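Peer 1: Here it is, the structure, as structure tokens.
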Amino acid sequence: MTAMPSPDTLKRLATIVGDRYAIQSPRDMVPYLIEWREIWTGKTPMVLRPSSTEEVSRILAIANETRTTIVPQGGNTGLVGGQLPFETGNEIVLSLDRMNRIRKVDAANYSMTVEAGVTLKTVQDEAANADRFFPLSLESEGSCRIGGNLSTNAGGLAVLAYGSARDLCLGLEVVLADGRIWNGLKSLRKDNTGYDLKSLFLGAEGTLGVITAAVVKLFARPAARATGFAALPSLQAVIDLLSLARDMSGSRVTAIELFPRNGLEFTFKHFNVRDPFAAQAPWYVLIELSGSGDLDEVLTQIFAEGAEKDLVLDATIAQSEAQRRDLWYMRKAIVEVQKLEGGSIKHDVSVPLSHIPQFVPDGIKALLEYMPGARPMPFGHVGDGNIHFNVSQPIGMDKQQFLSHWHEMNMVLYDVVLKHGGSISAEHGIGRLKRDMMSKIKSPVELGMMRDLKKMFDPNNILNPGKVLPE
Ligand SMILES: Cc1cc2nc3c(=O)[nH]c(=O)nc-3n(C[C@H](O)[C@H](O)[C@H](O)COP(=O)(O)OP(=O)(O)OC[C@H]3O[C@@H](n4cnc5c(N)ncnc54)[C@H](O)[C@@H]3O)c2cc1C
């Protein structure tokens, strides 16, 4: 267990950022210590809010010398608890939220250099101001920060076309555990000069170094977009419709999101949203094409061909930006609405796309065998094989009693995921939530290499210990 930093160490750390940005008042710390799902509440003697790479470097040098544990934090929207200090109350939170400058926009190179604390929404907006497009898109984009996105290798709504955060990063600036600064802010698309060091920090969840800035890739702004919503008879139809849409659109499908009927019913019940179709269907997808040309026409043809092949039961296409926003609102609502249906046990899993039609019913069956009356609600980024296989509590069951099944229920589903060659964490990472699963899903060779890397980058184990790697 890590030791409480001495009063002298706390004073030295506070001096670097100034008292105003070394938060010690319990009330002011609250936003840095609670998280979205309300599973954990962290405890810390101090939240540090540096404003520059040099300040981060000086903080880590002292932390390394005094063996003080540091928990890096971006927007605090992580869903696996990696950004929170443990309840021991001995760890310092290092918030990157004041490092929020855009350092450079290079429109001709289709790249942008940003500090780690810039919110994802600001990166998107700055790209648009330069007539460019930054495709990473998450429901949390107003709050999450690019350093957090890269540290979790965030996925989201456009992975199908553009890849995850890892694929969108050209270069990094990182402060190492001993305070040394690595300037790897290259903006090259081709650079085969040895090991790809930046890759090690992407998805490392703050365990190997602190990302202070990044060069991200920009793209041409899509000139046209078409968004539709369709009712489908089966999961096989979902997969077949995606193939059809990819073929017919010339790979211009940028998103396809899955909704089960019960998820839509929750939404109709709790929000001001109406069923777009007269008849009910077991599955629905929101599908978006982007690029150029008359994409509404392309999407109309896709749905018509889909209906011809019995893949589509009914469909609608947004005729205006307001209608498009309404369709996307259903995707946002399906996340929010779970909180209103009582306890919800979460799973962020992925399987190969071809396994989806068998995996989802296998998962539902296993979950219902474990807890009859539970309400599985598999939804999400189906085009990436990524299902948020969440389970709402049985009606009438006590919420806390239901949530006490979190771990066992996870295990039930993870067994099915592993049988289908899948991953128990598609996009949210490992953090503390899934850390103890690592020895089950990684081979000894794989875990050994990860431990060696950790020892090499952080020999004193001061960076986010107890996250990602099992003890
Ligand atoms: C409503 C909602 C929807 C979401 N949807 C998605 C989704 O579709 N796809 C998806 O992938 N995620 C999603 N998330 C999860 C979350 O938003 C992402 O994981 C996001 O990338 C986290 O960014 P953050 O800045 O909030 O990081 P934080 O939560 O602050 O930190 C996350 C991890 O990164 C580390 N870290 C943060 N900043 C740094 C840094 N500068 N250097 C080193 N380590 C750092 C932390 O220590 C922690 O381990 C969602 C979350 C919410 C609340």
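The values are calculated or read from the model by the stated rules, or taken from the named source; none is laboratory data. The structure presented is a predicted model; accordingly, all values stated were derived computationally and were not measured. Cβ sites come from the backbone with ideal geometry, for glycine too, and all protein chains shown count toward neighbours. For the accessible areas, the whole protein counts, side chains as well, though only heavy atoms, and no ligand, DNA or RNA atoms are used. Shrake-Rupley method; radii C 1.70, N 1.55, O 1.52, S 1.80 Å.
Peer 1: Tell me the per residue accessible area of the chain using a 1.4 Å probe; a whole number in Å² is fine.
Peer 2: Each residue of the chain exposes 43 Å² on average to a 1.4 Å probe.
Peer 1: Roughly to the nearest percent, how much of the accessible area of the chain is carbon and sulfur, given a 1.4 Å probe?
Peer 2: 51
Peer 1: For q values of 0.09, 0.18, 0.21 Å⁻¹, compute log₁₀ I(q)/I(0) with the Debye formula on a Cα-only model of the stretch 269-409, without solvent.
Peer 2: Calculated log10 I(q)/I(0) at the listed q: -0.35, -1.22, -1.44.
Peer 1: Shifting gears a bit: Under a cut-off of 19 Å between alpha-carbon atoms, report the lysines in cross-link reach of residue 332, not counting same-chain residues fewer than 8 places apart.
Peer 2: The qualifying lysines are 121, 269, 346.
Peer 1: Report, in whole Å, the centroid distance computed from the Cα atoms of the stretch 389-448 and the stretch 213-288.
Peer 2: Here the two parts' Cα centres lie 26 Å apart.
Peer 1: Calculate for the chain the 222 nm mean residue ellipticity that helices alone would give, adding -39,500 (n - 2.57) per DSSP H run of length 4 or more and normalising by residue count, nearest 500 deg cm²/dmol. It would help to have the intermediate numbers written out before the result.
Peer 2: On the way: 16 runs with 169 residues, N = 471.
Mean residue ellipticity at 222 nm (helix-derived): -10500 deg cm²/dmol.
Peer 1: Would you mind classifying the stretch 1-107 by shape? Square roots of the alpha carbon gyration tensor eigenvalues, ordered a ≥ b ≥ c; an a/c under 1.5 is rounded, otherwise it is prolate if a/b is larger than b/c and oblate if not.
Peer 2: Oblate, because a/c is 1.5 or more while a/b does not exceed b/c.
Peer 1: Give the Kirkwood hydrodynamic radius (Å, one decimal) of the chain, defined as one over the mean of 1/r across all pairs of different Cα atoms.
Peer 2: Hydrodynamic radius (Kirkwood, Cα pairs) of the chain is 23.4 Å.
Peer 1: Round to a whole angstrom and tell me the spacing of the C-alpha centers of the stretch 5-24 and the stretch 299-340.
Peer 2: For the stretch 5-24 versus the stretch 299-340, the Cα centre distance is 51 Å.
Peer 1: Right, here's the next one. Provide, for q = 0.23 Å⁻¹, the log10 of I(q)/I(0) from a solvent-free Debye sum over equal Cα point scatterers in the stretch 1-60.
Peer 2: Relative scattering, expressed as log10 I(q)/I(0), comes to -1.01.
Peer 1: With the Cα gyration tensor of the stretch 337-429 giving a ≥ b ≥ c as the square roots of its eigenvalues, does the rule (a/c under 1.5 for rounded; else a/b larger than b/c for prolate; else oblate) give rounded, prolate or oblate?
Peer 2: Prolate is the answer for the stretch 337-429, as a/c is 1.5 or above and a/b outweighs b/c.
Peer 1: Over the Cα atoms, compute the radius of gyration (one decimal) and Dmax (the largest Cα-Cα distance, rounded to a whole number) for the stretch 134-269, in Å.
Peer 2: 18.7, 57
Peer 1: Another question about this same structure. Could you list log10 I(q)/I(0) for the stretch 209-282 at q = 0.18, 0.26, 0.27 Å⁻¹, which the Debye formula gives when each Cα is one point scatterer?
Peer 2: Computed log10 I(q)/I(0) values: -0.88, -1.29, -1.35.
Peer 1: Between the stretch 79-99 and the stretch 120-173, how many Å separate their Cα centres?
Peer 2: The distance from the Cα centre of the stretch 79-99 to that of the stretch 120-173 comes to 22 Å.
Peer 1: To continue, here is another question. When you count, for each residue, the other Cβ atoms within 10 Å and take the mean per peptide, how do 192-201, 422-431 rank with the highest first?
Peer 2: 422-431, 192-201
Peer 1: May I ask you to work out the translational diffusion coefficient for the stretch 315-354 at 25 °C, viscosity 0.890 mPa s, via Stokes-Einstein with Rh from the Kirkwood sum over Cα pairs, reported in whole µm²/s?
Peer 2: Estimated via Stokes-Einstein, D reaches 192 µm²/s.
Peer 1: Stretched out fully, how many nm does the piece from residue 273 to residue 11 gain, at 0.36 nm a residue minus the Cα gap?
Peer 2: My answer for the length gained is 89.0 nm.
Peer 1: From the Cα gyration tensor of the stretch 273-336, with a ≥ b ≥ c the square roots of its eigenvalues, which class applies: rounded if a/c is under 1.5, or else prolate if a/b is larger than b/c, or else oblate?
Peer 2: Because a/c hits 1.5 or more and a/b fails to exceed b/c, the stretch 273-336 counts as oblate.
Peer 1: Could you order peptides 4-12, 79-87 by the average number of other Cβ atoms within 10 Å of their residues, highest first?
Peer 2: Highest mean packing first, the order is 79-87, 4-12.
Peer 1: Output wanted: per-residue J couplings in Hz (rounded whole) for the stretch 277-291, from phi through Karplus 6.51 cos²θ - 1.76 cosθ + 1.60, θ = phi - 60°, x for Gly and Pro.
Peer 2: 10, 6, 9, 7, 9, x, 9, 9, 10, 9, 10, 10, 10, 9, x
Peer 1: Expressed as a whole percent, how much of the Cα-Cα distance distribution for the stretch 95-202 exceeds 24 Å? Walk me through the numbers on the way to the answer.
Peer 2: Details: 1082 of 5778 pairs.
Tail of the P(r) past 24 Å holds 19 percent of the pairs.
Peer 1: Where does each of 207-216, 312-321, 157-166, 113-122 land if you order them by average Cβ count within 10 Å, highest first? Display every interim value, and only then the final one.
Peer 2: Details: 207-216: 26.0, 312-321: 16.6, 157-166: 20.8, 113-122: 22.8.
Ranked from most to least packed, the peptides come out as 207-216, 113-122, 157-166, 312-321.
Peer 1: Enumerate the aspartates and glutamates that residue 190 could reach by cross-link, defined here as Cα to Cα under 14 Å, with residues fewer than 8 away along the same chain left out.
Peer 2: Straight-distance partners of residue 190: 167.
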